[in-house]
Every structure is written in structure tokens, then in C-alpha cells.
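Read through the structure below, which is laid out as C-alpha cells, and then see the notes.
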Amino acid sequence: MVESDDEITQALLASSEDFKRLYQKHRGLKDQVHQANTGALPLDDISLENLKKQKLLLKDRMATMIKTYRDRKLAIRG
């Protein structure tokens, strides 16, 4: 059985300070983007786009860490 991304995320949050830091930063940026989109956080378009790019970069880095974790687990079971 292969672990789901949610299970891997929870495992990485418990075992990796780097992943935890990225996850928390991503959540903060996600909240800021949401607030900007609803008008609660006044941002110009360029600032909002920069937040979105930062958020996407963090998501990509976390996805890489999740893939690496999954690949290692599969190699061990292999």
C-alpha cells in the first residue's frame, strides 16, 4: 500500500523541520492571498502576484519533498 500525500505530509510535518517551516510559510501566504482576494488585505496587483509566486514556489518545494519521501519508501519496500 502506498501512502497518500496527506499521510506523507503528516509524517514530514512530524519528522522534518524544513518541511514544517515550508508548510507554515505556505499556509501564511495562502491566508494572505485569500485576504487580498476578498479585499481584507489591500494589495496592488504586483504585490499579489508576488505572493502567489512565492506560495507556488513553496508548494513546488514541498511536492518535491513528498515525492522524495514516497520514492524512498518504495525503494525500501522494493
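Bear in mind these aren't lab numbers, they're just calculated from the coordinates by the rules spelled out. The structure displayed is predicted, hence computed values, not measured ones. Ideal geometry is used to build each Cβ from the backbone, glycine not excepted, and the neighbour counts take in all protein chains shown.
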- Using θ = phi - 60° and the Karplus relation 6.51 cos²θ - 1.76 cosθ + 1.60, list the HN-Hα couplings for segment 45-60 in order, rounded to whole Hz, with x at every Gly or Pro. 4, 5, 5, 5, 4, 5, 4, 5, 5, 4, 4, 5, 4, 5, 4, 5
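Taking other Cβ within 10 Å of each residue's Cβ, how do Asp31, Asp44 sort, fewest first?
Lowest count first: Asp44, Asp31.
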- Enumerate the lysines that Lys55 could reach by cross-link, defined here as Cα to Cα under 20 Å, with residues fewer than 8 away along the same chain left out. Lys20, Lys25, Lys30, Lys67
- Message: Compute, for the chain, the length of the dipole vector about the Cα centre, with Cβ point charges of +1 (Lys, Arg) and -1 (Asp, Glu) only. Units Debye, rounded to 20.
- Response: 260 debye
- Determine Rg/Rh for the chain; Rg is computed over alpha-carbon atoms and Rh is the Kirkwood hydrodynamic estimate from the same atoms. 1.12
- Task: Starting with the fewest neighbours, write out Arg72, Arg61 ranked by other beta-carbon atoms found within 10 Å of each beta-carbon.
- Result: Arg72, Arg61
